[in-house]
Amino acid sequence: MLHLNCVSGYESSMKTCFRALCCKGPPPPRPEYDLVCIGLSGAGKTSMLSKLCGESPENVVSTTGFSIKAVPFQNAILNVKELGGADNIRKYWSRYYQGSQGVIFVLDSAASEEELETSRKELHSALQHPQLCTLPFLILANHQDKPAARSVQEIKKYFELEPLARGKRWILQPCSLDDMNAIKDSFTQLIHLLEEKNPEPVRM
């Protein structure tokens, strides 16, 4: 009888393992987050998002209104609403902020002083906007491959990020389209901030 019970138990265990291996069903869906992506024209927003989606950045045309891309990552899908950065479009940015769960701000670290100042003002405005001020920010200092590019420390000081973003969750990442791994890593960091249930202020 003991022998029969052992065999029966073994068969039951095998059936359980078989069901676990073959009948698991589809994996749970990845969480999705809605983000807004802003920055001046020429900062590289469209090219960056295109490369993240596996599209060719060649023949990329600057966004004139807004576009939405679903950017897939292993642990999440980011639905990124990219807003055009031209002078006549930026004044309408705030109309598209509602529903955002995070912000991507792309700046040209090799821009002229005038453009950099405009970018600084736009970032300040976004960080203080009622619909964005509590959200995590990913600030990408793009075009680091250009000779005139400012360092992260220069950007942080010029944009007054330490006092401006105190108490907020933000990441400042130097990047260029030549190093997509660094860009992907910064997006992964942003996903970690989005996943936090009881977020603490973060700065980098």
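Probe radius 1.4 Å, ligands and nucleic acids left out: which of Lys184, Lys168 has the largest accessible area, and how do the rest follow?
Numbers: Lys184 90, Lys168 40 Å².
Most to least solvent-accessible, the answer reads Lys184, Lys168.
Here r is the Cβ-Cβ distance between Arg95 and Leu164 and R0 is 30 Å; the resulting FRET efficiency, rounded to 0.05, is 0.85. Lys121 contributes about 120 Å² of solvent-accessible surface, heavy atoms of the protein only, 1.4 Å probe.
Dipole magnitude for the stretch 32-195: about 460 debye, using +1 per Lys or Arg Cβ and -1 per Asp or Glu Cβ, origin at the Cα centre. The heavy atoms of Cys37 present about 0 square angstrom of accessible area, all protein chains included, probe 1.4 Å. Farthest toward the positive end of the dipole of the stretch 32-195, out of Ser94, Ile191, Gly54, is the Cα of Ser94, where the dipole comes from beta carbon charges about the Cα centre.
Surface listing: Tyr158, Tyr97 arranged by accessible area from highest to lowest gives Tyr158, Tyr97, probe 1.4 Å. Each Lys and Arg contributes +1 and each Asp and Glu -1, all at the Cβ; summed about the Cα centre of the stretch 101-204, the dipole is approximately 400 debye.
The length gained on full extension between Phe73 and His192, counted as 0.36 nm times the residue separation minus their Cα-Cα distance, comes to 41.6 nm.
The slack between Thr134 and Asn181, meaning 0.36 nm per residue of separation minus the straight C-alpha distance, is 14.2 nm.
Per-residue SASA remark: Arg120, around 40 Å² accessible (1.4 Å probe; ligands, DNA and RNA not included). Taking 0.36 nm per residue of separation and subtracting the current Cα-Cα distance, fully stretching the chain between Glu115 and Ser151 would add 11.3 nm. The local environment of Asp179, defined by Cβ-Cβ distances under 10 Å, has a net charge of -2 under the rule Lys, Arg +1 and Asp, Glu -1.
The values are calculated or read from the model by the stated rules, or taken from the named source; none is laboratory data. This is a predicted model, so every value here is computed, not measured. We place every Cβ from the backbone using ideal geometry, glycine too, and count neighbours over all the protein chains shown. Accessible surface is based on the protein model in full, side chains and every heavy atom, while ligands, DNA and RNA are left aside. Shrake-Rupley method; radii C 1.70, N 1.55, O 1.52, S 1.80 Å.
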